[in-house]
Amino acid sequence: MLDIFCPTKYIIVATAAVIRINVTRRFGFIHIYDIIYDDEIQLMNSVKSLKTKDLLGLQGMSLEDLNLILKTAHSMKEIFTRPVKRVPPLLAKNIVTLFYEPSTRTRTSFHTAAKMLSASTQSVALSTSSVAKGETLIDTCKNIEAMGVDALIIRHSMAGAPHLVAKNIKASVINAGDGFNEHPTQGLLDIFTMLEKARTLKDKHIVIVGDIAHSRVARSDIWGLRALGAKVTVVGPPSLMPKDIEKTGAVVSYDIDKAIKDADFINVLRIQKERQKIGYFPSIEEYAQLYGLNSERLSRAKKDVVVMHPGPINRGVEMTSEVADSLQSVILEQVTNGVAVRMAVLFLLLGGKK
Ligand code: MLT
């Protein structure tokens, strides 16, 4: 213990502490990486990479890759829930996000994930970029790649836009949502969150409620869940139910009360007003009454049913605040898990053993 009556001793101890802090600041990352996270680094060195250059969707993804991402996300979650969150495997990598549509969760989550793996990240501000001067998507992406970028994370209102870019550049492309086609990392984080609650999804019943027609989340969820053997029911008004959705293996229902009765998970989707060219239902109030999740409706489902939503929530429309903030809701856990899943995806595409 410090003897407060001995000023010389006090000065010596304080000086030593300052020197130690400075040395740790300068070289601290070496100690943190070499000592504290040695086990994670070993794990990372042994992990394989994904077979594909890009992550464009969950449709057609091999079960091996799907399980590899989910397993790696589990290790990543352990890393980023520790007090010192950063590990070095993507230290020399450059990642750029290019979002042609608004985003809060997905973009921040990708940046956070990349930073935790020590990659450098940049976000292209489209309103001030050359896109505003009429540059094509491919030209924009080729120019970004020419600056030594390793991965491009793209969100676009056109289904297939990231696929087109992926064909034209060598860097990895990650689809962060393309029109109403797919949102693979959202599908992965939804599945990861479900697997934290149920050890397996085989024969589990997942009910996806809402604007199925315009939802890329619904499609990615269905492809991933069906690959893992889950039973998926999609529920919504007939006008928001896409033709041929049964071909994905999902069962269609127009009766939410009947569908959620034996559900293990209810994933509620946002009404995608920005993609709806006409009015698909008479009024928001009517939609909320017929398809909104409220406490009364939920009380008729299984006691341990888990409620999910990819966000952003329109409170009072897709679900009431009471349900969104209830103990059955894992909406914020989904957001946390999004970082783990995106760390896994970035690591498996850019790091890992080739
Ligand atoms: C998306 O971009 O699709 C979101 O994650 C969900 C939504 O916008 O409703």
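Can you find a residue in the range 288-299 that is more than 14 Å from the ligand (Cβ to nearest atom), modelled with pLDDT of 95 or more and under 23 Å from Gly179 (Cβ atoms)?
Looking through the range 288-299, at least one residue is more than 14 Å from the ligand (Cβ to nearest atom), modelled with pLDDT of 95 or more and under 23 Å from Gly179 (Cβ atoms).
Quick one: would you say Ser127 is more than 23 Å from Leu195 (Cα to Cα), part of a helix (DSSP H, G or I), modelled with pLDDT under 95 and outside the structural domain of Gly229 (by TED's automatic domain parsing)?
Spelling it out, Ser127 is indeed more than 23 Å from Leu195 (Cα to Cα), part of a helix (DSSP H, G or I), modelled with pLDDT under 95 and outside the structural domain of Gly229 (by TED's automatic domain parsing).
Can you tell me which residue is farthest from Tyr254 (Cα to Cα) among those in the range 193-218 that are surrounded by 24 or more Cβ atoms within 10 Å (Cβ to Cβ) and more than 14 Å from the ligand (Cβ to nearest atom)?
For the range 193-218, the residue satisfying everything is Met194.
Identify all residues within the range 192-223 that are over 28 Å from Leu290 (Cβ atoms) and touching a residue at least 40 places away in the same chain (Cβ under 8 Å); write none if there are none.
Of everything in the range 192-223, those that are over 28 Å from Leu290 (Cβ atoms) and touching a residue at least 40 places away in the same chain (Cβ under 8 Å) turn out to be Phe192, Leu195, Glu196, Ala198.
Is it true that Ala230 is within 16 Å of the ligand (Cβ to nearest atom) and outside the structural domain of Ser157 (by TED's automatic domain parsing)?
When the stated conditions are applied, Ala230 does not pass them.
Give the residues of the range 159-195 that are on the phi > 0 side of the Ramachandran plot and either at pLDDT below 95 or out of contact with any Gly (no Cβ under 8 Å at 6 or more places or on another chain) (or both), sorted by residue number.
Across the range 159-195, the qualifying residue is only Gly177.
State all residues of the range 177-200 that are hydrophobic (A, V, I, L, M, F, W, C) and either more than 20 Å from the chain's Cα centre (by Cα) or under 19 Å from Thr72 (Cβ atoms) (or both); if no residue qualifies, say none.
Leu188, Leu189, Ile191, Phe192, Met194, Leu195
So, in the range 75-107, exactly how many residues are free of Cβ contacts under 8 Å to residues at least 24 places away in the same chain and buried (at least 16 other Cβ atoms within 10 Å of the Cβ)?
Selection size over the range 75-107: 0.
Say we look at the range 151-162 and pick out the residues that are of a type outside the set (Ser, Thr, Tyr) and surrounded by fewer than 20 Cβ atoms within 10 Å (Cβ to Cβ); which of these is nearest to the ligand (Cβ to nearest atom)?
So the residue we want is Ala159.
Got a sec? Which of Val87, Val96 is away from the ligand (no atom under 16 Å from the Cβ) and part of a strand (DSSP E or B)?
The conditions single out Val96.
Which ones in the range 108-137 are farther than 15 Å from Phe80 by Cα, buried (at least 17 other Cβ atoms within 10 Å of the Cβ) and in contact with a strand residue (DSSP E or B) (Cβ under 7 Å, 6 or more places away or on another chain)?
Thr121, Val124
The values are calculated or read from the model by the stated rules, or taken from the named source; none is laboratory data. Quick caveat: nothing in here was measured; it's all calculated off a predicted structure. Neighbour counts run over all protein chains shown; Cβ positions are idealised from the backbone, glycine included.
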